[in-house]
Amino acid sequence: MYDFDVLVLGSGPGGQKAAIAAAKLDRRVAIVERRNMIGGVCINTGTIPSKTLREAVLYLTGLNQREMYGQSYRLKDDITVADLAARTQHVIGREIDVIRSQLARNRVHVITGTGRFEDPHTIAVADDNGRELKVTAEKIVIATGTRPARPESVDFDDCTIIDSDGIVHLEHVPRSMLVVGAGVIGIEYASMFAALGTKVTVVERRERMLDFCDLEIVEALKYHLRDLAVTFRFGETVASVQRHARGALAVLESGKRIAADTVMYSAGRQGMAEQLELDRAGLSADGRGRIAVDEHFATAVDHIYAVGDVIGFPALASTSMEQGRLAAHHACGEPVRALGRLQPIGIYSIPEISFVGRTEDELTEARVPFEVGVSRYRELARGQIIGDSYGMLKLLVSPEDRTLLGVHVFGTGATELVHIGQTVMGCDGAVDYLVDAVFNYPTLAESYKVAALDAMNKMRNIDRLGD
Ligand SMILES: Cc1cc2nc3c(=O)[nH]c(=O)nc-3n(C[C@H](O)[C@H](O)[C@H](O)COP(=O)(O)OP(=O)(O)OC[C@H]3O[C@@H](n4cnc5c(N)ncnc54)[C@H](O)[C@@H]3O)c2cc1C
């Protein structure tokens, strides 16, 4: 009766995984995607280019080797945009190839164009010439993601005044950069450009940055970024930005003036819902383009699901993929579990941050007692070998049943290491497991044992007072 059993709008992480999961369940599946956007924001302008850029920056600047070889160590003196772009373009190309081949292997039909609802079961797909193709589907998954929000008062020219999408199109490494907004994307790019030698200023309206992270770790990051000559202006708002022949001049509400070659706005993201004509399907989006869903990612219209950034928090590729898989399973009538309660957060600043579970502030506010176990990389043989003297891992442990309440990591490999803690927490393991476990030596993973022993010793000392 319908052309397809499942039709997915958008081929980012959420859409891809929804399409492939439905195909694995033997459904006839189509995915609609705009020209040159296979892989979504994730592959083309977001996660993958930014993480590859970071890798190129670390390699070419030799930043992580300076502890060993001195502060002047560099692999290349004059790092150009071409040096950086070579690596990002290579990885983007490969990733697009992998996605195309996965979709083809699973017989997912790719329809190129921009989709919109004609009615609750029909999608009209317009190609670049405005020609429309109509396709019907029993179930529809919206995975159209987001675009950078652009404040109306700002005159973006995609050259001097850019949003985060504009980073990949820069023609040269700027000598100075103003980053407006100290969210994850703003801070990641601020640290990469600071590592390249750009003089970076970060302006943030709030008094704190990354306030969902462990305070001590954010302080450590700020210390490192200041060491790379980053200037922070917290509690300040940009009132205007004027463009000049040789850069831009930003005026803050406090009257301060900041000159910069490039101004990058990182002012949040807007859901890609406006082109969908949701009202024709009986749906709507909020002011930020977000679509409301239930715990199975079903919208207010039973057969239409929404996943990924278009549904809002946490707006990560990692979570979007899992949401896509779960939505497809639910749509296909497969038994599904709820999205796992432990969602790791990874921030690829330089140095990187990652955590899972709760923060000290959250536990204190909820009046949940905890003990802290800390391990510092400089006390680990692997930390010395790689020249990371600042990294740390912190375990928050319940003194009542010794389960892990949170794991916070800062420094080399943080985004990988966090998953050891996540596994222990996911299996309701206690800190005793980490105390007793034998870890490969010399590794950074050993930091779990050191931090576990630290927490255990502190708890034992407190218990002994009562003897
Ligand atoms: C600079 C940056 C760095 C990031 N770093 C990380 C990171 O390190 N780790 C992490 O987990 N996440 C990261 N993210 C977030 C991550 O990229 C997103 O969470 C993820 O891409 C969202 O996936 P999605 O499935 O919602 O779709 P998206 O990747 O947003 O893709 C949506 C797709 O839908 C298509 N589309 C939109 N409207 C239509 C339509 N009407 N018809 C057809 N197609 C349409 C778009 O063309 C797009 O290709 C980063 C984001 C940015 C911007």
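Modelled label-to-label distance, residue 438 and residue 457, 7 Å Cα→beta-carbon offset: nm?
So the two model labels end up 2.3 nm from each other.
Taking θ as phi - 60°, what are the ³J(HN,Hα) couplings along the stretch 68-78 by the Karplus curve (6.51, -1.76, 1.60), each to the nearest whole Hz, with x for Gly and Pro?
Coupling constants for the stretch 68-78: 8, 9, x, 5, 8, 5, 8, 7, 9, 6, 9 Hz.
With every protein chain in place, what's the accessible area of residue 390 (1.4 Å probe, Å², nearest 10)?
Here the accessible area works out near 60 Å².
Which residue, 156, 18, 30, has the largest displacement toward the positive end of the dipole of the chain when charges sit on each Cβ (Lys, Arg +1; Asp, Glu -1)?
156
Using a Förster radius of 30 Å, what is the FRET efficiency between residue 119 and residue 339 based on their Cβ-Cβ separation? Nearest 0.05, please. Before the final figure, lay out each step's value.
Numbers: r = 30 Å, r/R0 = 1.00.
So the FRET efficiency works out to roughly 0.50.
Stretch residue 207-residue 243 to full length: gain in nm at 0.36 nm per residue minus the Cα-Cα span?
Length gained, residue 207 through residue 243: 10.2 nm.
Only bridges whose two residues both fall in the chain count here: according to DSSP, what percent of them are antiparallel, nearest 5? Walk me through the intermediate numbers first.
Working: 45 of 77 bridges.
If I count the DSSP bridges inside the chain, around 60 percent turn out antiparallel.
At 0.36 nm per residue, minus the direct Cα-Cα distance, what do residue 215 and residue 158 gain on full extension? Give it in nm, one decimal, please. Write down the numbers at each step before the final one.
Working: separation 57, 0.36 × 57 = 20.52 nm, distance 3.43 nm.
Taking 0.36 nm per residue and subtracting the Cα distance, the gain is 17.1 nm.
Could the peptides 238-247, 311-320, 278-287 be put in order, highest first, of the mean number of other beta-carbon atoms found within 10 Å of their residues?
Working: 238-247: 13.4, 311-320: 18.7, 278-287: 15.2.
Final packing ranking: 311-320, 278-287, 238-247.
Classify the stretch 116-167: rounded, prolate or oblate, from the alpha-carbon gyration tensor (a ≥ b ≥ c, eigenvalue square roots; a/c under 1.5 rounded; otherwise prolate if a/b is larger than b/c)? Kindly include the intermediate steps, with their values, before the conclusion.
Details: a/c = 3.46, a/b = 2.38, b/c = 1.45.
Judged from the Cα gyration tensor, the stretch 116-167 comes out prolate (a/c at least 1.5, a/b above b/c).
Hey, quick one: spin label on residue 172, modelled 7 Å out along Cα-Cβ, who in the stretch 224-238 has an amide N within reach, i.e. under 19 Å?
none
Return the tail of the calculated pair distribution for the stretch 45-138, meaning the percent of Cα-Cα pairs more than 21 Å apart. Intermediate values should be presented prior to the final figure.
Details: 2596 of 4371 pairs.
When every Cα pair of the stretch 45-138 is considered, 59 percent fall beyond 21 Å.
For 415, 112, what's the largest-to-smallest order of accessible area, 1.4 Å probe?
The most accessible residue leads, giving 112, 415.
At 7 Å along the Cα-to-beta-carbon direction for both residue 128 and residue 430, put a label point, then send me their distance in nm to one decimal.
The answer from the label model is 6.4 nm.
Cα gyration tensor of the chain, axes a ≥ b ≥ c as square roots of the eigenvalues: rounded (a/c below 1.5), prolate (a/b > b/c) or oblate? Show your work: numbers first, answer last.
Numbers: a/c = 1.82, a/b = 1.22, b/c = 1.50.
Taking the square roots of the gyration eigenvalues as a ≥ b ≥ c, the chain is oblate.
Can you give the FRET efficiency for residue 97 and residue 257, using 1/(1 + (r/R0)^6), R0 = 35 Å, r = Cβ-Cβ distance, to the nearest 0.05? Present the calculation step by step, with values, prior to reporting the outcome.
Details: r = 47 Å, r/R0 = 1.34.
For residue 97 and residue 257, the calculated efficiency is 0.15.
Count charges around residue 34 for me, please; just the other residues with Cβ under 11 Å from its Cβ, Lys/Arg as +1, Asp/Glu as -1. Each step should come with its number before you reach the end.
On the way: positive: 35; negative: 33, 127, 128.
My count for the surroundings of residue 34 gives -2.
For the stretch 186-231, what are Rg and Dmax over the alpha carbons, in angstrom?
Rg and Dmax of the stretch 186-231, Cα atoms, are 10.4, 28 Å.
Could you give the length gained on full extension between residue 378 and residue 110, defined as 0.36 nm per residue of separation minus the Cα-Cα distance, in nm? Don't jump to the answer; show the numbers that get you there.
On the way: separation 268, 0.36 × 268 = 96.48 nm, distance 5.04 nm.
Value of the extension gain: 91.4 nm.
Given an 8 Å cut-off on Cα distances and at least 6 residues of separation, report the relative contact order of the stretch 107-191 as a percent.
13 percent
Over the stretch 319-467, average the accessible area per residue using a 1.4 Å probe and give it in Å², no decimals.
Numbers: 7080 Å² over 149 residues.
Result: 48 Å² per residue.
Could you work out the local net charge near residue 268, counting Lys and Arg as +1, Asp and Glu as -1, over the other residues with Cβ closer than 14 Å to its Cβ? The partial results should precede the final answer.
Numbers: positive: 147, 150, 205, 206, 269, 288, 290; negative: 152, 163, 165, 204, 286, 309.
Neighbourhood net charge equals +1.
Taking the chain, how many lysine pairs are there with alpha carbons less than 29 Å apart, if each pair must be eight or more places apart or span two chains?
For the chain, the number of qualifying lysine pairs is 20.
In whole percent, what relative contact order does the stretch 1-46 give with Cα contacts below 8 Å and a gap of six or more residues? Kindly include the intermediate steps, with their values, before the conclusion.
Numbers: 62 pairs, mean separation 20.3, N = 46.
Computed over the stretch 1-46, the figure is 44 percent.
Over the chain, what percent of the accessible surface lies on carbon and sulfur atoms, probe 1.4 Å?
About 48 percent, which is the carbon plus sulfur part of the accessible surface.
Using packing as a proxy for protection, rank 73-86, 7-20 so that the peptide with the highest average count of other Cβ atoms within 10 Å comes first.
Highest-to-lowest ranking by the protection proxy: 7-20, 73-86.
If you look at just the Cα atoms of the stretch 182-304, how large are its Rg and its Dmax in Å?
19.3, 55
The values are calculated or read from the model by the stated rules, or taken from the named source; none is laboratory data. Here the structure is a predicted model, which means the values were calculated and not measured. All Cβ positions, even for glycine, are placed from backbone atoms using ideal geometry, and neighbour counts span all protein chains on display. Keep in mind that these areas ignore ligands, DNA and RNA; they rest on the heavy atoms of the full protein, side chains included. Shrake-Rupley method; radii C 1.70, N 1.55, O 1.52, S 1.80 Å.
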